[in-house]
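What follows is calculated from the coordinates using simple rules that are stated; it is not laboratory data. Remember, predicted model here, so these are calculated numbers, not experimental data. Counting neighbours? That spans all protein chains shown, and the Cβs are built from the backbone with ideal geometry, glycine included.
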């Protein structure tokens with residue numbers, strides 16, 4: 001039996017309902033995108049998720065038209081050319097703590113955002129061209145990991161991961177680069193935990209987005225918006 005959805009006291013009802021609707025699907029890319037989009041509808045009530053999905057599909061189609069091989073590296077190169085060189089997705093270094101950096105309709109419009117929102121856009125477009133992408137919930141800085149496969153023997157594949165930082169224009173990172181990013185962001189010169197490369201679950205992804213917004217609203221003294229994000233977090237924790 002489904003528990004009736006309570007009326008939120010602070011979160012816009014449309015955003016709350018849309019977020020709740022996606023809870024069974026957040027471990028899928030489509031469900032994760034729609035749940036993350038619903039967060040933005042608290043402040044952007046007219047934002048249309050179908051239009052945003054059409055933008056993602058258009059970006060993927062642009063990449064697909066460029067690729068004439070099954071090579072993972074070729075798809076990755078064209079993906080980066082489209083997203084970072086042509087379209088210009090980047091991190092918002094000028095106004096990092098603006099809540100709009102977490103709102104997918106704004107990220108798609110301005111091409112600026114936080115690491116975690118940019119990784120989600122990257123993941124959705126990349127999977128549209130046949131790449132497999134995970135979010136990496138590293139301390140202080142969310143990253144993307146693209147799975148690649150290199151054949152080493154007949155019938156046997158060894159799998160490798162390429163780490164990508166969409167916040168810095170799709171930079172490809174090795175473990176030393178990642179350690180440096182984490183140190184710069186957290187201010188602590190400590191090695192990443194052994195499980196730092198584990199793919200983020202949809203639940204972890206959304207929890208971090210909501211945590212970012214709660215911190216931004218708390219810093220700005222926006223108590224009602226902070227409480228609205230806590231109402232969404234309560235849905236996530238059910």
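Given contacts defined as C-alpha pairs under 8 Å and at least six residues apart, what's the relative contact order of the chain, whole-number percent? Don't skip to the end; give the middle numbers.
Numbers: 354 pairs, mean separation 49.6, N = 238.
Once divided by the residue count of the chain, the mean separation gives 21 percent.
What order do you get for 32-38, 231-237, 74-80, 170-176 when each peptide is scored by the mean count of other beta carbon atoms within 10 Å, highest first? Walk me through the numbers on the way to the answer.
Details: 32-38: 24.3, 231-237: 17.4, 74-80: 19.4, 170-176: 13.7.
Packing order, densest peptide first, comes out as 32-38, 74-80, 231-237, 170-176.
Where does each of 20-26, 48-54 land if you order them by average Cβ count within 10 Å, highest first? Before the final figure, lay out each step's value.
Values: 20-26: 16.6, 48-54: 13.6.
In descending order of packing, they fall as 20-26, 48-54.
With an 8 Å cut-off on Cα pairs and a minimum separation of 6 or more residues, tell me the relative contact order of region 39-130 in percent. Write down the numbers at each step before the final one.
Values: 82 pairs, mean separation 30.6, N = 92.
Relative contact order of region 39-130: 33 percent.
Give, as ranges by residue number, the residues of region 130-144 whose backbone N falls under 15 Å from the point 7 Å along Cα→Cβ of residue 176.
Zone members listed by number: none at all.
With the chain treated as a Gaussian network of Cα nodes joined by springs under 10 Å, which of 15, 138, 218 yields the largest mean-square fluctuation?
Maximum fluctuation in the GNM of the chain, among the listed residues, is at 218.
By how many degrees, between 0 and 90 and to the nearest 10, does the Cα long axis of helix 115-128 differ from the longest principal axis of the chain?
Relative to the chain, helix 115-128 is tipped by roughly 60 degrees.
Semi-axes, largest first, in whole Å: what does sqrt of 5 times each Cα gyration tensor eigenvalue give for region 13-236?
For region 13-236, the ellipsoid semi-axes come out as 29, 21, 17 Å.
Per-residue ellipticity at 222 nm for the chain, helices alone: DSSP H runs ≥ 4 residues times -39500 (n - 2.57), over residue total, nearest 500 deg cm²/dmol? The partial results should precede the final answer.
Working: 9 runs with 113 residues, N = 238.
Estimated from H runs of four or more residues: -15000 deg cm²/dmol.
Once you place label points 7 Å from the Cα toward the Cβ at residue 219 and residue 97, how far apart are they in nm?
Using points 7 Å along Cα→Cβ, the separation is 0.4 nm.
Give me the distance in nm between label points sitting 7 Å out from Cα along the Cα-to-Cβ direction at residue 211 and residue 23, one decimal.
My value for the distance between the label points is 2.1 nm.
Which of 121, 107, 93 moves most in a GNM of the chain, Cα contacts under 10 Å?
Of 121, 107, 93, the Gaussian network model singles out 93 as fluctuating most.
Rank 62, 72, 185 by mean-square fluctuation in a GNM of the chain with C-alpha springs under 10 angstrom and give only the top-ranked residue.
Looking only at 62, 72, 185, the biggest GNM fluctuation is shown by 185.
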